[in-house]
Amino acid sequence: MRPTVTRERVEKMLSRASSIQIVVVGDVMLDRYIRGSLEASGEPPWAKHVVEGEEDRLGGAGNVVRGAAALGAHATLIGIVGADHRRELHELLLKEPRVEPKLVFDESRLTTVKRRYIVNESVLWRSDSETRDAPSGATAAMIRKCIEGSIRECSAVIVSDYQKGTVTGE
């Protein structure tokens with residue numbers, strides 16, 4: 001018989017969350033939401049997306065870390081980031097309470113960025129920039145070192161694999 005999920009049981013689990021240390025290893029992404037409207041472009045038959053606002057959020061393994069921290073756990077994020085969006089990701093991570101980023105920067109890779117173009121709360125299309133190849137030997141060694149230094153005192157390890165190259169068979 002499965003245990004029943006009650007309000008009291010959930011509250012008890014959440015009250016213990018602050019004593020939990022979680023390590024998340026995986027593909028770190030930047031989710032960019034580009035909101036706007038459509039107008040005639042002057043280049044028929046295509047419409048023009050007029051940008052009215054943009055928002056960046058942590059995606060992939062970064063979103064998993066945000067969720068764990070939102071529940072009260074302390075979370076370490078281990079992943080690979082390209083040099084192209086380093087500042088944006090750092091700023092987002094530093095705003096997150098109870099999150100310790102351990103990012104490995106690899107100049108040869110693109111940071112995965114998922115751009116969603118939105119009109120009237122509907123996604124019209126998505127455009128991705130990414131590197132899917134396995135990391136270089138040096139980058140993989142740095143990831144292993146981060147993992148080895150973080151798992152000794154953790155309660156759980158979560159692997160967040162979006163097939164962007166951080167998680168390999170090694």
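The values are calculated or read from the model by the stated rules, or taken from the named source; none is laboratory data. On a predicted model such as this, the values are computed, not experimentally measured, just so you know. In this analysis, Cβ positions are derived from the backbone assuming ideal geometry, glycine residues included, and neighbour counts consider all displayed protein chains. To get the accessible areas, we keep the full protein, side chains included, count just its heavy atoms, and leave off ligands, DNA and RNA. Shrake-Rupley method; radii C 1.70, N 1.55, O 1.52, S 1.80 Å.
Observations
- Among the candidates Gly79, Gly67, the residue that is closer than 30 Å to Ala17 by Cβ and open to solvent by less than 10 Å² (accessible area, probe 1.4 Å) is uniquely Gly79.
- Residue within the stretch 121-128 that is among the charged types (D, E, K, R), closer than 20 Å to Lys164 by Cβ and modelled with pLDDT of 90 or more present: yes
- Residue list for the stretch 1-53, filter: closer than 30 Å to Ala68 by Cα and over 26 Å from the mean Cα position of the chain (by Cα): Met1, Arg2, Pro3, Thr4, Val5, Thr6, Arg7, Glu8, Arg9, Glu11, Lys12
- Residue that is farthest from Val64 (Cα to Cα), among those in the stretch 125-167 that are touching a helix residue (DSSP H, G or I) at 6+ places or on another chain (Cβ under 7 Å) and open to solvent by 50 Å² or more (accessible area, probe 1.4 Å): Val157
- Exactly one residue out of Leu94, Leu110, Leu58 is over 16 Å from Gln21 (Cα atoms), in contact with a helix residue (DSSP H, G or I) (Cβ under 7 Å, 6 or more places away or on another chain) and open to solvent by 60 Å² or more (accessible area, probe 1.4 Å): that is Leu110.
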